[in-house]
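The values are calculated or read from the model by the stated rules, or taken from the named source; none is laboratory data. Quantities reported herein were computed from a predicted structural model and do not represent experimental measurements. All Cβ positions, even for glycine, are placed from backbone atoms using ideal geometry, and neighbour counts span all protein chains on display.
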Amino acid sequence: MRRERALRPADEANLVLDHPGQVNVFLVAGLLAPGGFVSHAGELDAEAVRAAVGRRVAGIPELRQVPVRAGRHHEWAEREPDLAAQVRVVPAIEGLEELERRCGALMVEPLPLTRPPWELLLAPAPGGAAMILRIHHVLADGMAAADLIRRLLADATATADEPIAPPRRSSPALPAGSRVGRALFGLRRTMTTLTARGLPETVLLGARSSRHGVIFADADLGRIAAAAHGVDATVNDAALAVAAAGYRAALAQSGHPVPSELPVSVPVALTRRGDSRNQVGVMLVRLPLRGEEVRDNVARIAVQTRTEKVQARRQGTLELMRGPVGARIMDRIAHRQHLVGGFVTNVPGPAHELHLAGAALTQLWPVSVLAANVRLGVAVVSYAGRLCVGVHFDAGYIDGAAVASAVRTELAALESIR
């Protein structure tokens, strides 16, 4: 084991947020067609897939490192993965609902930090195999995680070094007044995060149970993009409108009044600088929940994101997530926050089909973290012409079936726009 360097403060902050009751781990699930290590009879060649993953991991330093404590902080230590433990064949999955249930159960199971914090689970499934890949947030933010996934799986059309994450580039220095403005904005944002009490008590916020549920949906990316562009909006705006339908359904199904708007936290990709693995801003978007058709909701959301996205990128990483001290403060007060009612994230993924040890990855869905007192989150990723949605919810409080039905209905409505 060789020590490399100290964790950057934002990466260290993501270790703080991983603890019992809050597993700070990204998850993607997918379906694989027969081919390569997946036989047409549904048998999986574990040694073949481990050999293929081992060759890929040899060229991905992030997947060969462990955060180890060094005094009050942590340093990266190089350690070869235990492929027998980290790439495993698990019992067969009989269908999509069972895959969803297993993903929900895994969202309360921590990854050990005694080895590189990721794992790949594979299971026979009808028509081929199922895949579940988990990556600890300390290794990557959403954009960097998407890049890790692409590098771990073989893309038939892209080179192994083609990046998904935003390119590193320098930005012109902001004038002094802008720096002062950013400092004042950051102070206001921090105080709002610590003290805001704008949201009423509803099923969306509160202590969470240990029962996590996951439901997947997807739609044609080209049609969704065309619908968004028709109202001068982006795919991200359309994804937020779809998420709004889910939050509306959760409130209505629980018997709570549905407000006109619901503020949610939305990550914003930043230009990559330095070697911190977590470089993400955040914007607050008020999702419209009442009285509008989906096209109008997308347009209303776009009006917000045009300005909020610019401000989020100018401001950079959320102030309380720039180091472990701030993260501890935020983690302590977040269980009673009433600033946001949910988390929604959208990450652009590979445009072309990926392969794992010769088996084509035909479908892919994301699952994001539930943190603080939030009981419902929506993650979206584009993959090979599809817009793929993962709904992650506290099954002890949220009617996941109602949320998923609303999400699928909204996706279909967007697809039908001409």
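Key figures for this structure:
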item	result
Single condition G349 does not satisfy, out of (1) within 17 Å of the chain's Cα centre (by Cα); (2) in a loop (DSSP other than H, G, I, E, B); (3) more than 24 Å from A33 (Cβ to Cβ)	(3)
Some residue of the stretch 402-418 being among the basic types (K, R), crowded, with 17+ Cβ neighbours inside 10 Å and under 13 Å from V242 (Cβ atoms)	yes
Of the criteria (1) within 20 Å of N24 (Cα to Cα); (2) out of contact with any Phe, Trp or Tyr (no Cβ under 6 Å at 6 or more places or on another chain); (3) not aliphatic (A, V, I, L, M), which one G316 fails	(1)
Flag if R306 is basic (K, R), surrounded by fewer than 19 Cβ atoms within 10 Å (Cβ to Cβ), in contact (Cβ under 8 Å) with a residue 40 or more places away in the chain and over 18 Å from M143 (Cβ atoms)	no
Residues that are in a loop (DSSP other than H, G, I, E, B) and closer than 18 Å to F343 by Cβ, drawn from the stretch 251-267	P259
Count of residues meeting criterion [out of contact with any Leu (no Cβ under 8 Å at 6 or more places or on another chain) and either among the acidic types (D, E) or not assigned by TED's automatic domain parsing to the domain that holds G396 (or both)] in the stretch 245-290	1
Within the stretch 1-98, strands (runs of 3 or more DSSP E) holding 2 or more residues that are exposed (fewer than 13 other Cβ atoms within 10 Å of the Cβ)	2-6
